[in-house]
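Visitor: Before I ask anything, let me first share the structure, which is written out below as structure tokens.
What follows draws every value from the coordinates through simple rules; no lab data is involved. Note that this is a predicted model, so its numbers are computed, not measured. As a convention, Cβ positions derive from the backbone with ideal geometry for all residues, glycine included, and neighbour counts pool all protein chains shown.
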Amino acid sequence: MTAEVDQEQCMGCESCPAFCPEVFEMGSDGLAYVIADPVPSEYEEAAKEAAAGCPAHCIHIK
């Protein structure tokens with residue numbers, strides 16, 4: 001499974017690293033980035049929760 005953050009839509013709310021810090025982190029520009037690609041199997045559910053909880057709907061899971 002892979003995760004992708006659309007930085008053009010990201011509003012920097014920091015919810016994704018709150019859900020899954022093993023996969024997402026905030027960059028110095030205030031936007032979210034994927035730090036684990038592919039997503040480790042033990043964090044797939046948390047990454048999906050991060051995508052579902054994103055208010056900007058900018059996290060795409062494949």
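Visitor: Figure the gain on full extension for residue 45 and residue 7 (residue separation times 0.36 nm, minus the Cα-Cα span) and round it to one decimal in nm.
Guide: 11.5 nm
Visitor: Let me make sure I get this right: for segment 3-61, a, b and c are the square roots of the gyration tensor eigenvalues over alpha carbons, sorted descending. Under 1.5 in a/c it's rounded, otherwise prolate if a/b > b/c, else oblate. Which is it?
Guide: Working: a/c = 1.70, a/b = 1.43, b/c = 1.19.
Prolate is the answer for segment 3-61, as a/c is 1.5 or above and a/b outweighs b/c.
Visitor: Also, I was wondering about something else. Along segment 16-27, what does the Karplus equation 6.51 cos²θ - 1.76 cosθ + 1.60 (θ = phi - 60°) give for ³J(HN,Hα), rounded to whole Hz, x for Gly and Pro?
Guide: 5, x, 5, 6, 8, x, 6, 10, 10, 8, 8, x
Visitor: What's the FRET efficiency of residue 33 with residue 57 using the Cβ-Cβ distance as r and R₀ = 22 Å, to the nearest 0.05?
Guide: According to the calculation, E is roughly 0.85.
Visitor: Still on this structure, I have one more. In debye, nearest 20, what is the charge dipole magnitude of the chain about its Cα centre with +1 on Lys and Arg Cβ and -1 on Asp and Glu Cβ, if you could check?
Guide: Details: 2 positive and 12 negative charges, 25 e Å.
My answer is approximately 120 debye.
Visitor: Using only the alpha-carbon atoms, how far is helix 44-53 inclined from the longest principal axis of the chain? Give it as 0 to 90 degrees, nearest 10.
Guide: Value to nearest ten degrees: 30.
Visitor: If each DSSP helix of 4+ residues adds -39,500 (n - 2.57) and the sum is divided by the residues in the chain, what number results at 222 nm, nearest 500 deg cm²/dmol? Can you show the working numbers first?
Guide: Working: 2 runs with 15 residues, N = 62.
That calculation yields -6500 deg cm²/dmol at 222 nm.
Visitor: What are the ³J(HN,Hα) couplings of segment 2-12, residue after residue, when phi is run through the Karplus curve with 6.51, -1.76, 1.60 and θ = phi - 60°? Round to Hz, x for glycine and proline.
Guide: Result, ordered by residue: 10, 10, 9, 10, 7, 4, 5, 9, 4, 9, x Hz.
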